[in-house]
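S.K.: Sharing a structure with you now.
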Amino acid sequence: GYFGGELVYGQGPPAAGQYQAGEQIYAAHCAGCHHNGGNTMKPKSPLKNSPRTSDYKVFLEWLRKPDSPMPAFPPSALSDPQVKDLFDYTVHVINKN
C-alpha cells in the first residue's frame, strides 16, 4: 500500500478527484501524443518534467503558441481555468509518476 511511502515522503496520494478535471482534459487532448508524459512525435522532448511544466504562465503560453507539430489550444479550445487544471494534473500526477 501507499502507507510506507507516506512514512518516507510525508504525504499520501492525491485526494480522490483532486486532479480529475485535469486528467479528463489530458485524456481528451494530450494523451494521444503524450502517453504517460512521453512524446510520440519527438521522443527526446517528453512532456514529463519538461521545463515548460515548471511554471503555469510558461505552460499557458506554450499551449497557446506551441512548437510544431503540436497544435495550438486557443481559449476557444481550452479556457484558462481548464489549462490550470491541466497544468496541475501534469505537475502533480504526470511529473510524479
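Each reported figure results from applying straightforward, stated rules to the coordinates on display, with no laboratory input. Note that this is a predicted model, so its numbers are computed, not measured. So basically every Cβ, Gly included, is an ideal-geometry build from the backbone, and we count neighbours across all protein chains shown.
S.K.: Can you work out ³J(HN,Hα) from phi for every residue in the stretch 36-47, in order, using Karplus 6.51 cos²θ - 1.76 cosθ + 1.60 and θ = phi - 60°, giving whole Hz and x for Gly and Pro?
M.R.: With the stated coefficients, the stretch 36-47 comes to 6, x, x, 8, 6, 7, 9, x, 7, 10, x, 5 Hz.
S.K.: While we're on this one: Give the average over all directions of the projected area of the C-alpha convex hull of the stretch 26-94, one decimal, in nm².
M.R.: 4.1
S.K.: Starting from the 7 Å offset along Cα-to-Cβ, what nm value, one decimal, do you get for the label separation of Ser68 and His92?
M.R.: According to this spin-label approximation, the distance is 3.7 nm.
S.K.: Something else now. Going highest first, how would you order 22-35, 84-97 by mean Cβ packing within 10 Å?
M.R.: Numbers: 22-35: 16.1, 84-97: 18.4.
Result, highest mean Cβ count within 10 Å first: 84-97, 22-35.
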